[in-house]
Amino acid sequence: MKKQLFALAFLAGLHVVAVAHEGHDHADEKKSARPLGDTPQRLPDGTVFVPKPAQRGMGVLTLKVQPETLPKTLELPGRVIMDPHLGGRVQAMIPGRIEPAGAHGLPAAGSRVKKGDILAWVVPASGAIERSNQAALLAELKAALGLAERRLARLNELADTVPKKDIDAAESEVASLKGRMAAVGGGLSGREALVAPVGGVLAASNAVVGQVVEPKELIFEVIDPDSLHIEATAFESVPLGEVAAATVAVAGRSVPLAFVGAPRRLREQALPLIFENHAAGAGLALPLGQPVKVQVQLKATVSGLPLPAAALARNTANQVILWVKTAPERFAARTIRSEPLDGLRVLVTGGLEPGDRVVVQGASLIAQIR
């Protein structure tokens, strides 16, 4: 009898322990099945949990991608250069000293000028020996002019008895001496005007009052800010007959460029391609010499999924990734292949499926969640 009671008690204890252990396991499974709290965190499978309030705080926006067929694009490095038709340079022709052209002084870089405006004066600079020689020559010319004028006066008094050709020769000599005197006098006291060759904005002003300049020295540079050229550099062969258009990203917008042409001569082992831009106001954000990335569009097409370039991010292995929304509060990283489009968008050609909802804003913040 005692043995039977002991066996029953032992079996009851085993049942109680089994029930308690089973209940504990289910609780743990429930806790591990969903994240704890409302804090963004990276899960063991590599996905990221971001609650709805955190998504709104981070400004996360998503976009459902759809396939498109677009022109094939090449991304080339480039720089901003002057439009030779609507820009110009002002250089000194003689050595001298800079003087302002008006009461307001010398124009500063960024000032607007009109074609024909006098920007500054260059007062000729000459040595003491040269000036003394010119002064001596001027004195000789004055004396010769006096003799020639007196001779012409006598011939005019004897006009009835003197041949006409002698009077004409005397008049020509007087005119010649006056012209030579004017030239020598202008060289001693004259000055050269620095005139704006075109209208526009001063991109460079290298003039200071009293500055001594040499011939061919660049003093001012005038450009039209709404008409600039972009020089792209192609280090590999580019089918020039396939170039359709180009774009460059400026201040958050894509500015269209028209293909002008390319010289048939390499420069530093690369072929320069010239594009022009006539978009109003685009030049204000493109100073001369600024490096840019030019998206050259070819006539050939390629299929893919267009996305904003801001959607791209990089993982710890320095691979280009996108964050795809797989659930209302979960995001997964996808390694992708992409090509440039227009400076603001890229074309995903691999690693993404049509209909995926991709993070286009806030991707960098999601990548920082640990």
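The values are calculated or read from the model by the stated rules, or taken from the named source; none is laboratory data. Since the structure is predicted, the reported quantities are computational estimates derived from the model, not experimental observations. Note: ideal-geometry Cβ built from the backbone for every residue, glycine included; neighbour counts use all protein chains shown. Ligands, DNA and RNA are stripped out before the accessible areas are found, and what is left, the full protein with its side chains, is counted by its heavy atoms. Shrake-Rupley method; radii C 1.70, N 1.55, O 1.52, S 1.80 Å.
Some points to look at:
- Phi-derived couplings, Karplus 6.51 cos²θ - 1.76 cosθ + 1.60 at θ = phi - 60°, listed residue by residue for the stretch 65-75: 8, 9, x, 9, 10, 10, x, 5, 10, 10, 9 Hz, with x used for Gly and Pro.
- A 1.4 Å probe, protein heavy atoms only, puts the accessible area of D226 near 60 Å².
- Centre separation in Å (Cα based) which lies between the stretch 322-370 and the stretch 198-262: 36 Å
- For Q211, the shell of other residues with beta-carbons less than 12 Å away shows a net charge of -2, using +1 for Lys and Arg and -1 for Asp and Glu.
- Sorted largest first, the spans of the alpha carbon positions of the stretch 290-370 along the three principal axes are 41, 33, 21 Å.
- Taking amide H as placed 1.01 Å from N in the peptide plane, the amide H of I81 sits under 5 Å from that of H229, I230, E231, G289, each at least 5 places away or on another chain.
- Taking amide H positions as modeled 1.01 Å from N, with prolines and chain starts lacking one, the residues under 5 Å from R345 and 5 or more places away or on another chain are A309.
- Of all aspartates and glutamates in the structure, those lying under 16 Å Cα to Cα from K216, and not within fewer than 8 positions of it along the same chain, are E192.
- Here each label is just a point 7 Å from Cα along the line to Cβ, and for E149 and R112 those points are 5.1 nm apart.
- Exceeding the 30 Å Cα-Cα cut-off - candidates K52/K72; K114/K142; K142/K164: K52/K72; K114/K142
- Inter-site label distance for N156 and T69 at 7 Å from Cα along Cβ, in nm: 9.1 nm
- Candidate aspartates and glutamates - alpha carbon under 13 Å from K165, same-chain residues fewer than 8 apart omitted: E173
- Qualifying aspartates and glutamates (Cα of each under 14 Å from Cα of K299; at least 8 residues distant if same chain): E242
- Modelled spin labels at A310 and L138, positioned 7 Å past Cα toward Cβ, are 6.9 nm from each other.
- Once all protein chains are placed together, K299 keeps about 130 Å² accessible to a 1.4 angstrom probe.
- The phi-based Karplus calculation (6.51 cos²θ - 1.76 cosθ + 1.60; θ = phi - 60°) puts the 3J(HN,Hα) values of the stretch 309-316 at 5, 5, 6, 6, 9, 10, 8, 5 Hz, whole numbers, x for Gly and Pro.
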